[in-house]
Amino acid sequence: MSLSTQQGDEDGQYVLIAKLDNARNMSNILKAIHFKEMATVFATANGIKVTVEDSKCIQANSFLQAGIFQEFILREESATFKIDITVLLECLNIFGSSTLPGATTALKMCYGGYGSPLILWLEEGGVLTDCTIKTLEPDEVLDFNFSSTNVINKIIMKSECLKEAFSELDMTSEVLEILMSPDKPYLRLSTFGNAGSTHADYPKDSDMVESFQCTQTQTNRYKLSLLKPSVKALTLSNKISIRTDCRGFLSLQYMIRNDDGQICFVEYYCSPDEELDENDDR
Amino acid sequence: MRFRGRLVDVACIQHFTRVVSTISKLAKNYVLRITPDKLYFILNDSVTSGGISIWCEMIQANFFDEYNMDGVSAEFNEIYLDIIGENIMRALKSAQSAKSVKVKLTKKHTPCLTFDVQLPSLSVSSRNVVHDVPVNVIARRLWEDYQEPPMPEFDISIYMPPLRLLRNVIDRMKNLSSYVILSGNGNGEMNLSVETDMVSVTTHFRDLSNPTWNKDGELEESQYEISQDGQSQNFVSARIDIKKFSNFLIGQQMNPSKVICNIVHNKVIHFFLIQDDLSLQYFIPVISL
């Protein structure tokens, strides 16, 4: 394959080298968090984390663990940079995003360290594409300080049953209210739009619910416009874990199985919609 | 001046529709030139409106069962009509499942191309749809504006990779930049690249072949011979409007057996589609930096 013809000694100059037999595995996971142009990439020996944020209220992370790459070399402890994720996705899909069997795009991705561009080599059917994408100064990413010890309610369920509810959310409503409770109605999603309110209730003993650990009744509102992009992750995923902590912060974790059967994770954090007169002292 | 033709075979009707729709996607209005043997679709855009030229010729006998024409005079036995692609497409839309289509130059309150479409019918009475497509007859003195563009003196001539593959790549590149640089060499290599502030992307196609042309500008059959001189390694390039290129790739509904790309360094790109008896030439001028 053409990718292997890149000389080995040339690779020495790169801090990060990652090879993937199927570029779709990466582009799919990135699509799940593609709601803003810019993303922060953070690479460690464990893999690559890509973060997208909006309005300082929502953060989405995609994890590409080292294991999904056929080759993953990181010569420094970590590497971080900001990149235009729209451009990155266009490059990853340069040969089209069709799902023709047998036609996969091989990818080699290199990064030369602070200030250097991200270089991609893509190959499909003997045609080679090279891309040089400029990297930018990384932004500080938000720390939502979401710790599992403070989690009050947690539900793990199959994504299927939420897909419909989320894709049909009444977008005229400003907020999505999520109620989680150890008692009825257990899990309720509500919107309050121009045409009226909607409620979707999920029982806790349904086949769809894998784990139900709610300790107290909690009702929080989240800006619908901020949560809407998470539908992309939901449609790709098999399972979802919904958690809220004592401050009402929401964590949505999505388990996504890629074409090769590997499991990847995407997570969304969202802060609750606070009343204006309240002091936000976090 | 007289013209009437009749398309009978379903395959012919569909083939004809595909050709017309290909042209109509590339140009809003264009010129139909009718001669005793051939039909031509011609576009000669002025530089201000993009500078695109199209030259498509087809042998009438391969499409029409009946074909009669008398030109403006015995000496100039040709007809030039200015037509609007959209209108002609609408007329052909109802011919999708037709038994036959009659095309006739008629004089209503204005000159028209009349499409008389005979649709299949279950009863004895026939079902007909008639479209009158208004056209402009182009005067004899303006004909010279619509002559075949000369074969450019290209620096490189190269066979294009599969258009479907190219279309995917250009589709993506279109989202990154408004211009694409197409370059090729005599060694069967072709590159497409876009460059913006944020990114530069180059797609390399290899193992294509370079056609050989004889002195009369005709294609020779021995096309797999690659000259090995030092010249052949050098790339010549042309920077073109990516939308025009993409329109060409998306719009073409023919199934060409050969697509040749001729590049005149920093001047023009000339695409040459050949499908059996049919040929389409498409010129895209270079947009310099």
| task | Could you give the DSSP H helices of chain B that reach 15 angstrom or more along their long axis (alpha carbon positions) and whose average Kyte-Doolittle hydropathy is no lower than 0.0? | result | B:10-26
| Computed [θ] at 222 nm, deg cm²/dmol, the protein assembly as shown (DSSP H ≥ 4; -39,500 (n - 2.57); rounded to nearest 500) | -4000 deg cm²/dmol
| log10 I(q)/I(0), Debye, Cα-only region A:148-279, no solvent, q = 0.14 Å⁻¹? | -0.61
| query | Cross-link partners among lysines for A:K228, C-alpha distance below 25 Å, same-chain residues fewer than 8 apart left out? | reply | A:K31, A:K36, A:K49, A:K56, A:K82, A:K154, A:K158, A:K163, A:K204, A:K239
| task | Apply the Karplus parameterisation 6.51 cos²θ - 1.76 cosθ + 1.60, with θ equal to phi minus 60°, to every residue of region A:35-49 and state each ³J(HN,Hα) to the nearest whole Hz, in sequence, with x for glycine and proline. | result | 10, 9, 6, 9, 9, 9, 9, 10, 10, 10, 4, 6, x, 10, 10
| said: Quick check on region A:168-235: take the gyration tensor over C-alpha atoms, sort the square-rooted eigenvalues as a ≥ b ≥ c, and tell me if it's rounded (a/c under 1.5), prolate or oblate. | reply: prolate
| task | Compute log10 of I(q)/I(0) for the protein assembly as shown with the Debye formula, placing one identical point scatterer on every Cα and leaving out solvent, at q = 0.05, 0.10, 0.11 Å⁻¹, to two decimals. | result | -0.33, -0.96, -1.04
| request: Please work out whether region A:208-255 counts as rounded, prolate or oblate from its C-alpha gyration tensor, where a ≥ b ≥ c are the square roots of the eigenvalues and a/c under 1.5 means rounded, while otherwise a/b larger than b/c means prolate and anything else oblate? | output: oblate
| note | Here the FRET efficiency for B:E218 versus B:Q253, based on Cβ atoms and R0 = 30 Å and rounded to 0.05, is 0.70
| remark: Per principal axis, largest first, the Cα atoms of region B:81-238 extend in Å by 69, 39, 33
| remark: Once all protein chains are kept in place, A:K31 shows an accessible area at probe 1.4 Å, nearest 10 Å², of 80
| query | Could you give the alpha-carbon Rg of region B:2-146 over 2.2 N^0.38 Å, rounded to two decimals? | reply | 1.05
| message | Explain nothing, just the number: dipole magnitude of chain A about its Cα centre with +1 on each Lys and Arg Cβ and -1 on each Asp and Glu Cβ, in debye rounded to the nearest 20. | response | 540
| request: Starting from the Cα-Cα distance between B:R206 and B:R127, subtract it from 0.36 nm times their residue separation and give me the gain in nm to one decimal. | output: 23.1 nm
| If you stretched the chain out fully between B:M89 and B:D70, how much longer would it get, using 0.36 nm times the residue separation minus the C-alpha to C-alpha distance? | 4.3 nm
| If you place +1 on the Cβ of every Lys and Arg, -1 on the Cβ of every Asp and Glu, and leave all else neutral, what size is the dipole of region A:86-144 about its Cα centre, to the nearest 20 Debye? | 260
| note | In whole percents, the bins of 10 Å from zero upward hold the Cα-Cα pairs of region A:54-207 as 8, 23, 26, 23, 18, 3
| said: Counting C-alpha atoms alone, how compact is region B:61-144: give Rg to one decimal and Dmax as a whole number, in angstrom. | reply: 14.9, 50
| request: Report the extension gain between A:D143 and A:Y114 in nm, rounded to one decimal, defined as 0.36 nm multiplied by the number of residues separating them, less their alpha carbon distance. | output: 8.2 nm
| What distance in nm separates the simple spin-label points at B:D197 and A:F192, each placed 7 Å from Cα in the Cβ direction? | 4.3
| message | Normalised by the empirical 2.2 N^0.38 Å for globular proteins, what value does the Cα Rg of region B:29-99 take? | response | 1.28
| query | At a probe radius of 1.4 Å, what is the per-residue accessible area of B:D45, in Å² to the nearest 10? | reply | 50
| message | Please state the shape class of region B:156-285: rounded when a/c is under 1.5, otherwise prolate if a/b exceeds b/c and oblate if not, all from the C-alpha gyration tensor. | response | oblate
| Cross-link partners among lysines for B:K102, C-alpha distance below 25 Å, same-chain residues fewer than 8 apart left out? | B:K25, B:K28, B:K38, B:K93
| remark: Comparing B:F16, B:F64, B:F76 in a Gaussian network model of chain B (Cα, 10 Å), the one with the largest mean-square fluctuation is B:F76
| task | Taking all pairs of distinct Cα atoms, average 1/r, flip it, and tell me the Kirkwood hydrodynamic radius of region A:12-133 in Å to one decimal place. | result | 14.6
| query | Viscosity 0.692 mPa s, temperature 37 °C: Stokes-Einstein D of chain A from its Kirkwood Cα radius, in µm² per second? | reply | 162
| query | How do A:M171, B:M190, B:M89 rank by accessible surface area computed with a 1.4 Å probe, from largest to smallest? | reply | A:M171, B:M89, B:M190
| query | Put +1 on the Cβ of every Lys and Arg and -1 on every Asp and Glu Cβ in region A:148-279; which of A:L227, A:T172, A:Q253 then has its Cα farthest towards the positive end of the dipole? | reply | A:Q253
| Considering every Cα-Cα pair within chain B, what fraction, in whole percent, is farther apart than 25 Å? | 52
| query | In nm, to one decimal, how far is the A:T235 label point from the B:H109 one, both placed 7 Å along Cα→Cβ? | reply | 5.0
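The values are calculated or read from the model by the stated rules, or taken from the named source; none is laboratory data. Bear in mind the structure is a predicted one, so any value in this text is a computation, not a measurement. Positions of Cβ are backbone-derived with ideal geometry, glycine not excepted, and every protein chain shown enters the neighbour counts. These accessible areas exclude ligands, DNA and RNA; they are computed on the full protein's heavy atoms, side chains included. Shrake-Rupley method; radii C 1.70, N 1.55, O 1.52, S 1.80 Å.
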